[in-house]
């Protein structure tokens, strides 16, 4: 720490809650990012992002925005030194959305776009009526993805 530094770059300032800011009916999900997939490190806590999935099925390639308005609550930095770039984003989603994102992470290439702050639509506070609690998630199969995202297949 230099003589004129108030705190170490990795040191948190101010009081922190012992809980993440996750509304009732939602969960936090951490997704990997990099300079190429995550808007060159410009995504910050409090931002909203969209997710684009690119799939390659039997030589047919398609891209589609599969989620919008995902609220970022934390940005993980690889290593202890600031400036090394974000390695993860923690977003607030329903458990059903978490299952779908996990499916896409395994079976597609994902990119994130940073939404303009002018387009932010603060959530209503209530989760998707089809998935109001963690226990309502039923799993995701290729058939579920094909039904919900027909433009990809």
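Listing for the model above:
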quantity: Cα gyration tensor shape of the range 30-153, rounded if a/c is under 1.5, else prolate or oblate by comparing a/b with b/c; calculated: oblate
quantity: Between the range 16-37 and the range 102-153, the alpha-carbon center distance in angstrom; calculated: 15 Å
quantity: Sorted by Cβ neighbour density within 10 Å, fewest at the top, the residues 48, 19; calculated: 19, 48
quantity: Sorted by Cβ density within 10 Å, fewest first, the residues 74, 111; calculated: 74, 111
quantity: Cβ-Cβ FRET estimate between residue 50 and residue 18, R0 fixed at 25 Å, reported to 0.05; calculated: 0.25
quantity: Extension reserve of the residue 142-residue 40 stretch, reckoned as 0.36 nm per residue once the Cα distance is removed; calculated: 33.6 nm
quantity: Fewest-first ranking of 117, 149, using other Cβ atoms within 10 Å as the exposure measure; calculated: 117, 149
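Each reported figure results from applying straightforward, stated rules to the coordinates on display, with no laboratory input. This is a predicted model, so every value here is computed, not measured. Virtual Cβ from ideal backbone geometry, glycine too; neighbours counted across all protein chains shown.
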